[in-house]
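The values are calculated or read from the model by the stated rules, or taken from the named source; none is laboratory data. Just so you know, these numbers come straight off a predicted model, no measurement behind them. Don't worry about glycine lacking a Cβ; one is built from the backbone with ideal geometry, like all the others, and counts go over all protein chains shown. Ligands, DNA and RNA are excluded from the accessible area calculation, which covers all protein heavy atoms including side chains. Shrake-Rupley method; radii C 1.70, N 1.55, O 1.52, S 1.80 Å.
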Amino acid sequence: MEGEPDKPSSMFNLKMDPETAGKLVKRGGTLLLLDVPQFTLMGIDAQMFSVGPNFKGIKMIPPGPHFVYYSSSDKDGSEFSPVIGFFIVSGPSEVIVRKWHQQEERLVKLSEDEENRYGEAVKNLEFDHQLGPYPLEHYGEWKRLSNYLSKEIIKRIEPIGGDISIACEAELFESCPKTTMEKRLVEQLKHSKFSTRSKPIEKPNKRGSYYTIIPNIVKQKGISGEELTSMNLDKTQLLETILTKNFGGEEDLILGELQFAFIAFLMGQSLQAFLQWKTLVSLLFSCTVAPLRTRSQLFTKFIKVIYYQIKFGFHKEHEKPIGSEKGRSVFLEESWLSDDIFLRHLCKEYFSLVLEATVVDGDLLSWTRKLKEQLETTLGWNFGNTTAGDIYEEDDEFAPVVEIAEDMMEE
């Protein structure tokens, strides 16, 4: 780390007595990162920092899932390549090892024998003075962003090899973005503060993450046009089908995928992750029967997930990456505060549904009010009287859809 070369742990300004530190080392895991160049921007969960000359990784990592992300630098630390991120699942006293590949400018896995050898060296404290402690002061934030994530969810969704990067998503740039806000997002990701080096985004030779495929428009033969329109205005039936078919009826699994996508988008700068996050958010907010009758508990948990994602993503008082004078940030851009963002449109309709309902679950009502207040006070959004027809952009694929059934077209 930059700063005191023999005290890398000072990067997190963490002070604790030796006994407490010893307990955390035994209970927590270690991420050993070999040969990472100086000035590389390195992050784990809610904390990002600039790598110094003696950095060899992070210790005292609490058990559970974590997201590691980094952006390689030029020699003087003034320009950076696109972010690469990957999930890890840490266990007590577990050692996870990655080594820097100079030509590819990324971290790679070692053979099992090499990883075991380095693992023993870590357990023998051979690297202890070159390991910084996990930033425990930010762990509460991370838990609220990842409480539905699990090893099984990560294995199901993550790309082959584990690396998540916009550099592998070139085919999405032209085909997927629909709204004006999304087009701005693509430009931000392509030319972001993490992508200041002139390193072209190449066509990927492997597919990205394995997200659940969710149709934007419900299509079904043999039903009337009125029924089809109703199914597209209320996505409750589609939600039930997806929960049964893709998640075995387990509600928490869809929330885990929502958290995976948000983390991969916000910290990993992945366009594919943003599109999946938007799709899942749009699916849930487009249900009218489910939150009030059949899935109140799921929607209470969903609103809490969104609340903490917004709270973290738009937190203006987060510290700059430690050791970096460049002010790199993983948080959402100011343009997300604009009124044309799809989330505002969906929330307006949802708030009207829940807050005007005659019967609603108490917890759901409480968290819905809390989310509405957060969006109004933190982002300055106005949820005044606006009709559904004038809050959606013309090119927004998540606006309400009126379908004409095939049998009606034949008449």
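A few points about this structure:
- The single condition among (1) at pLDDT 50 or above; (2) surrounded by fewer than 13 Cβ atoms within 10 Å (Cβ to Cβ) that F383 does not meet is (2).
- Residues located in the stretch 93-131, provided they are part of a strand (DSSP E or B) and of a type in the set (A, V, I, L, M): V95, I96, V97, L107, V108
- Scanning the stretch 8-55 for residues that are at pLDDT below 90, part of a loop (DSSP other than H, G, I, E, B) and surrounded by fewer than 16 Cβ atoms within 10 Å (Cβ to Cβ) returns N13, K15, M16, D17.
Residue by residue, here is whether (1) modelled with pLDDT under 75; (2) out of contact with any helix residue (DSSP H, G or I) (no Cβ under 8 Å at 6 or more places or on another chain); (3) open to solvent by less than 50 Å² (accessible area, probe 1.4 Å) holds:
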residue	(1), (2), (3)
L346	no, no, yes
V360	no, no, yes
L375	no, no, yes
D390	yes, yes, no
I404	yes, no, no
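- The residues of the stretch 259-273 that are over 8 Å from the mean Cα position of the chain (by Cα) and either of a type outside the set (S, T, N, Q) or over 19 Å from M42 (Cβ atoms) (or both), listed by number, are L271, Q272.
- Filter result for G64 (surrounded by 17 or more Cβ atoms within 10 Å (Cβ to Cβ), over 22 Å from Q272 (Cβ atoms), touching a strand residue (DSSP E or B) at 6+ places or on another chain (Cβ under 9 Å) and among the small types (G, A, S)): yes
- Of the numbered criteria (1) farther than 20 Å from T30 by Cα; (2) surrounded by 17 or more Cβ atoms within 10 Å (Cβ to Cβ); (3) at pLDDT 85 or above, the one S192 fails is (3).
- Any chance P82 is open to solvent by 10 Å² or more (accessible area, probe 1.4 Å) and closer than 20 Å to E141 by Cβ: no
- The combined condition, being on the phi < 0 side of the Ramachandran plot, within 17 Å of the chain's Cα centre (by Cα) and of a type in the set (F, W, Y), is not fulfilled by F299.
- Selection from the stretch 93-125 of residues that are basic (K, R) and either more than 26 Å from S72 (Cα to Cα) or loosely packed, with under 13 Cβ neighbours inside 10 Å (or both): R117, K123
- Search result, residues across the stretch 127-144 that are of a type outside the set (D, E, K, R) and more than 15 Å from G43 (Cα to Cα): F127, H129, Q130, G140
- Test: residue in the stretch 85-92 that is assigned to a helix (DSSP H, G or I), open to solvent by 30 Å² or more (accessible area, probe 1.4 Å), touching a strand residue (DSSP E or B) at 6+ places or on another chain (Cβ under 8 Å) and of a type outside the set (V, I, T): no
- Single residue of Y69, Y139 found to be surrounded by fewer than 18 Cβ atoms within 10 Å (Cβ to Cβ) and either of a type outside the set (D, E) or modelled with pLDDT of 95 or more (or both): Y139
- Tabulated pairs, the stretch 128-148, first under 16 Å from I306 (Cα atoms) and among the aromatic types (F, W, Y), second in a helix (DSSP H, G or I) and open to solvent by 40 Å² or more (accessible area, probe 1.4 Å), C-beta under 6 angstrom, 6+ apart or interchain: Y148/D252
- The stretch 294-344, subset at pLDDT 60 or above and of a type in the set (V, I, T), residue farthest from N147 (Cα to Cα): I341
- Subset of the stretch 260-309 (residues that are among the β-branched types (V, I, T), open to solvent by 10 Å² or more (accessible area, probe 1.4 Å) and part of a helix (DSSP H, G or I)): T279, V289, T294, T300
- All positions within the stretch 148-177 that are assigned to a helix (DSSP H, G or I), surrounded by 13 or more Cβ atoms within 10 Å (Cβ to Cβ) and either of a type outside the set (K, R) or at pLDDT below 95 (or both): I153, I154, I157, I166, A167, C168, A170, E171, L172, F173
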